[in-house]
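Just below is one structure, and these are the notes that go with it.
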Amino acid sequence: MASDLGAHLEASAEANNVPSDQYLQQLLQQCPDTASATSELKRLSEHAFDSSTYQETQLAPETRFAQYIDRRSQGEPLEYILGSTPWAGLDILCRSGTLIPRESSEIVASNFARTLAQLQSEGVTKPAVPVRIADIGTGTGCVSLLLHKSLHPPDSTAPSGQSLEILGGDISSDCLKLASDNLEQAVRVGAVSSSARDDISFQFLDMIKLGEAVSQLDKHITPSTIKTSDATSMSFLDHKWDAMISYPPCVPAADFLPGGRVPYSDRTYQPKVAIVPPVLADGAMQELEVDPADVFFYILLKVALKAEIKVTVLEVCEGPQATRVRKLAARLMPSDAWIERWRDEMVFAGDGLAESDLVDVNDDAVRGRAVVMWTGDWAEWRRKNPRNVA
Ligand SMILES: C[S@@+](CC[C@H](N)C(=O)[O-])C[C@H]1O[C@@H](n2cnc3c(N)ncnc32)[C@H](O)[C@@H]1O
């Protein structure tokens, strides 16, 4: 139960013998400004004094509150302390060991959902025929849930909801457990339709194994990256996927070192396996003419090609990577494929651009956030409909 911040602060300050504005100062060690520190203070206070979570630790709320402030001021992400984050209208459970969903992924996945809805409204897909979607590197399962919520809304009458089959694959058992918990919670609170329990499955899947299956990459893989063969990865290519979405680990290894571009908090508390791709044997990426940070994009593009996936959405970490991955896609894909880049909306926020402007096909000067490949009859459709309906 949320209650008054001032009263909590006073109670806490008194119990812990700390001046109440000291809490704010502590949070300012991590927060960029007073407004965000105040907002975090409020959320931490509400969480500490929420009577429904008393049993978790059996600590007095004042003690818990002080501990939360300490943890946060040392850099632990707010989402891990609170145990969840609002994301795309969902309450997504968060635990250490699993990447906290990013705002950029919400933008990309929402645009993908709108695109798939457009395919249905124009008769390219039929509501009764399941659209089969692979969400590779599912993490918390947030993207799978967002797609289900958008395409088969919980309050929709049966005929208007799109039938779906969604696989959320990940190499991490922590992620798979959390994704299942998120699915259960979303159904329980009515955020997604109960049919999601049948439509979505979270399963072990190793992108490296997929890469081995589709290319000569295996000869470059170092022993430390080789996992035992698994059924899901091997059968993946036999399944007729319509669509694939992934935000794979894609940050250069050097950026994860102290002093690199990955912030201290992410480096210390978020899982490296979710952020940095594995290092392949010396020279492998040069031979393939692929930047080492882009190894999973290479694999996923090869998989998309081999499995004849009709649309593949690849979220990238930054603009120059979007340019590289777009070129890589153009090099690997058949001539009748359609390739586009979705803008990083955050860069353009405030320019008054409509949702439809998220799609940009050719302009290399535009900062990209996702590269999208269309093949087969869906590519033909896309060529005639190059922008989303706003
Ligand atoms: C950048 S996170 C994206 C998570 C989620 N899709 C999101 O948007 O929040 C990348 C995910 O890929 C997973 N991953 C890393 N290596 C993998 C591999 N070889 N095969 C499958 N998944 C992998 C990580 O565990 C992590 O959950």
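Derivation of every value follows stated rules applied to the coordinates shown; laboratory data play no part. Predicted, not measured: the structure shown is a model, and the values here were computed from it. Quick reminder, even Gly has a Cβ in these numbers, built from the backbone with ideal geometry, and neighbours come from all protein chains shown.
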Going through the stretch 169-193 in order, the residues found to be in contact with a Ser or Thr (Cβ under 9 Å, 6 or more places away or on another chain) and hydrophobic (A, V, I, L, M, F, W, C) are Cys175, Leu176, Leu178, Ala179, Leu183, Val187
Counting only residues in the stretch 246-278 that are surrounded by fewer than 15 Cβ atoms within 10 Å (Cβ to Cβ) and either of a type in the set (A, V, I, L, M, F, W, C) or within 10 Å of the ligand (Cβ to nearest atom) (or both), the one nearest to the chain's Cα centre (by Cα) is identified as Lys272
Restricting the stretch 94-111 to residues that are closer than 17 Å to His148 by Cα and near the ligand (Cβ under 9 Å from one of its atoms), the residue that is surrounded by the fewest Cβ atoms within 10 Å (Cβ to Cβ)
Glu106
Cβ-Cβ distance below 9 Å, separation of 6 or more or different chains: which pairs start in the stretch 94-105 with a residue that is under 15 Å from Asp170 (Cα atoms) and touching a residue at least 24 places away in the same chain (Cβ under 8 Å) and end on one that is within 10 Å of the ligand (Cβ to nearest atom) and of a type in the set (Asp, Glu)?
Gly97/Asp174; Thr98/Asp170; Thr98/Asp174
Filter the stretch 107-144 for residues that are assigned to a helix (DSSP H, G or I), within 25 Å of Lys272 (Cβ to Cβ) and in contact with a helix residue (DSSP H, G or I) (Cβ under 8 Å, 6 or more places away or on another chain) and give the result.
Ile107, Ala109, Cys142, Val143, Ser144
Given the condition crowded, with 24+ Cβ neighbours inside 10 Å and of a type in the set (Ser, Thr, Tyr), answer yes or no: does some residue in the stretch 154-176 qualify?
no
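Given the criterion away from the ligand (no atom under 13 Å from the Cβ) and farther than 23 Å from Asp50 by Cβ, identify the matching residue among Arg72, Arg114.
Answer to the selection: Arg114.
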The stretch 303-327 residues that are in contact (Cβ under 8 Å) with a residue 12 or more places away in the chain, paired with ones that are within 16 Å of the ligand (Cβ to nearest atom) and of a type in the set (Phe, Trp, Tyr) (beta carbon under 6 Å, 6 or more apart)
Ala307/Trp241; Ile309/Trp241; Val313/Phe112; Leu314/Phe297; Glu315/Tyr247; Val325/Phe297
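Among the residues of the stretch 71-86, is any part of a strand (DSSP E or B) and of a type in the set (A, V, I, L, M)?
no
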Using the structure shown, decide if Ala293 is of a type in the set (Gly, Ala, Ser), within 14 Å of the ligand (Cβ to nearest atom) and under 20 Å from Ser104 (Cα atoms).
yes
For the stretch 244-268, give me the residue count where each residue is in contact with a Gly (Cβ under 7 Å, 6 or more places away or on another chain) and over 23 Å from Val108 (Cβ atoms).
3
In the set Ile136, Ile107, Ile100, the lone residue that is of a type in the set (A, V, I, L, M) and under 21 Å from Val187 (Cα atoms) is Ile100
Conditions: (1) in a loop (DSSP other than H, G, I, E, B); (2) surrounded by 18 or more Cβ atoms within 10 Å (Cβ to Cβ). Ala66 meets all but one. Number of the miss?
(1)
Can you run down the residue pairs with Cβ atoms below 7 Å, 6 or more apart or on separate chains, where the first is in the stretch 131-156 and farther than 19 Å from Ile208 by Cα and within 11 Å of the ligand (Cβ to nearest atom) and the partner is part of a strand (DSSP E or B) and of a type in the set (Phe, Trp, Tyr)?
Gly141/Phe202; Cys142/Trp87
So which helices (runs of 4 or more DSSP H) stay within the stretch 273-332 end to end and still have 2 or more residues that are charged (D, E, K, R)?
295-306, 319-332
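Given the structure, is Asp91 surrounded by fewer than 18 Cβ atoms within 10 Å (Cβ to Cβ), of a type in the set (D, E, K, R) and more than 22 Å from Leu147 (Cα to Cα)?
no
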